[in-house]
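Here is the structure we will look at.
The values are calculated or read from the model by the stated rules, or taken from the named source; none is laboratory data. A quick note: this is a predicted structure, and the numbers were derived from the prediction, not measured. So basically every Cβ, Gly included, is an ideal-geometry build from the backbone, and we count neighbours across all protein chains shown.
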Amino acid sequence: MDRIRIVGGESLNGVIPISGAKNAALPLMIASLLTDDTLTLENVPHLADVEQLIRILGNHGVDYSVNGRRQAQDRGYSRTIHFTARDIVDTTAPYELVSKMRASFWVIGPLIARMGEARVSLPGGCAIGTRPVDLFIDGLKALGVEIDIDGGYVNARAPKGIQGGSYEFPKVSVGATHVLMMAATLANGTVEIRNAAREPEVENLAKCLNAMGARISGAGSETIIVEGVGSLSGARHRVLPDRIETGTYAMAVAMAGGDVMLEDTSASLLESALDTLRAAGAEINPTNSGIHVRRNGSGLEPVDVSTDPFPGFPTDLQAQFMALMTRAKGTSHITETIFENRFMHVQELARLGADIALSGQTATVRGVEQLKGAQVMATDLRASVSLVIAALAAEGETVVNRVYHLDRGFERLEEKLTRCGATVERLSS
């Protein structure tokens, strides 16, 4: 199993290209199930989760082809992929595939909409809380879908198709918003989705579905209206930049110090996180081509933060920000409101010398003068990169074990950091 070795103490200076967003690419890929035409997606990142979803879609009969890399070899692996679901050969998503990645459960929406039935295993994914599928099931039932759960599988039928109707989520769910919106595109009538997720990835999916012939309005607001159509066609669509990768590298610069241009991204995708970084002492300047991040070494200020659905501070940046606050000049408080078990990185940060106390869903972080390198273990995707951020400022050598978590969500991380002056290398088993 691969590990990553980091020697701390070097500032970051240079350019980091931001990849396409994993959290946008996955639902866009799943949307290919809605049409027998070809859906072409540009700026798809080369990640373990993307490759896993390609295998899952292939199980349903989706063919795909890949068009090369960007012309400049230092710009990452961004690809154009063509997905064609001309014939759905299987409406079952088996446990051995779905259990490896939670987002693969989302195939339930397009399969029901197009085929009138689906049998999908209950999901797996990162161990950051139970993340039940109740919202998905209740939402689909509101659209006339008959559902029962048996033997670890969700069995769904809509013999008369998806029906028009309305559903209000009791709590915001990005995944369930994706699923309901995709299912509603082929509904008999109009679907109103209330208390919908407002994330940029939801807007990006709606834009793609509309390009395929759907009639969706309100994406990006709390109420989404979908007027069902008889069928969807193919389209060409670009995956938006990864706002979590953007925030992660911005925090890495704030931690290590230096001057970095984050290219091919937009500040509008994560304004709350950037405002928080400014309060901590980083200089953040949006440009036409990306975001310029700089910290001159004057030290970090403690900032209290609470995670919230978009446009609030993202839960997917909570671990990274906690790593940053371990070096602040004072005490900060970080409250997690989205997932109930997303503090597994705390004990690993403590191995580097961090001073963090937990009370319920709030972590109290007392900044320390110096972190020291150690052997640490990645526990989930975002926790793993928080350890990398901490290691960049730690004295000596840190080795992060179980980095397959990193490969799920960060494209060529060690190469991007190394080109900006960090000492980061992958150690193969």
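Quick notes on this one:
- From the options Ser289, Ser298, residue that is outside the structural domain of Ala206 (by TED's automatic domain parsing), over 22 Å from Ala422 (Cα atoms) and surrounded by fewer than 16 Cβ atoms within 10 Å (Cβ to Cβ): Ser289
- Every pair of residues 6+ apart whose Cβ atoms lie under 6 Å, when the first sits in segment 56-72 and is assigned by TED's automatic domain parsing to the domain that holds Pro94 and part of a loop (DSSP other than H, G, I, E, B) while the second is at pLDDT below 95 and not aromatic (Phe, Trp, Tyr): Arg70/Ser78
- Selection status of Ala378, within 13 Å of Asp2 (Cα to Cα), at pLDDT below 95 and of a type in the set (Gly, Ala, Ser): yes
- Residue in segment 109-132 that is modelled with pLDDT of 85 or more, buried (at least 20 other Cβ atoms within 10 Å of the Cβ), assigned to a helix (DSSP H, G or I) and within 19 Å of the chain's Cα centre (by Cα) present: no
- Residue check, Asp138 modelled with pLDDT of 90 or more, among the charged types (D, E, K, R) and in a helix (DSSP H, G or I): yes
- Residue list for segment 142-156, restricted to those being part of a strand (DSSP E or B) and either among the β-branched types (Val, Ile, Thr) or surrounded by 15 or more Cβ atoms within 10 Å (Cβ to Cβ) (or both): Ile147, Ile149, Tyr153, Val154, Asn155, Ala156
- Residues satisfying the stated conditions in segment 162-173, i.e. of a type outside the set (S, T, N, Q) and buried (at least 20 other Cβ atoms within 10 Å of the Cβ): Ile162, Tyr167
- Test for Val424: is it surrounded by 15 or more Cβ atoms within 10 Å (Cβ to Cβ), β-branched (Val, Ile, Thr) and within 23 Å of Ala24 (Cα to Cα): no
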